[in-house]
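Report on one structure; see the data block that follows.
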Amino acid sequence: QEAHEAVRPTDLFRRPEQVSRHLDKDQLALYTLIWKRTVACQMEDARFD
């Protein structure tokens with residue numbers, strides 16, 4: 001199968017608000033979505049009492 005590599009941030013320290021001045025509205029929305037999902041998938045599961 002010849003799938004494309006996933007789109008992902010190259011530096012997790014480049015938060016959406018830091019790159020917003022370089023992106024238009026749609027690009028920022030997409031970057032924010034990708035950044036949040038990338039960070040979320042690296043976190044531990046929530047624990048509830």
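Here, each number is a calculation from the coordinates, and none is a lab measurement. These numbers were taken from a predicted model, which means no experiment stands behind them. Using ideal geometry, Cβ is built from the backbone for each residue, glycine included, and neighbour counts are taken over all protein chains shown.
Details
- Restriction of the GluC sites (Glu not before Pro) in the chain to DSSP coil positions whose beta-carbon has at most 10 other beta-carbons within 10 angstrom yields Glu2, Glu5, Glu44.
- Assuming charge only on the beta carbon of Lys and Arg (+1) and of Asp and Glu (-1), the dipole of the chain about its Cα centre is about 220 debye to the nearest 20.
- The chain - Debye-derived log10 I(q)/I(0), Cα point model, q = 0.25, 0.29 Å⁻¹: -0.95, -1.12
- Qualifying chymotrypsin sites (Phe, Trp or Tyr not before Pro) for the chain [loop in DSSP, other Cβ within 10 Å: at most 12]: Phe13, Phe48
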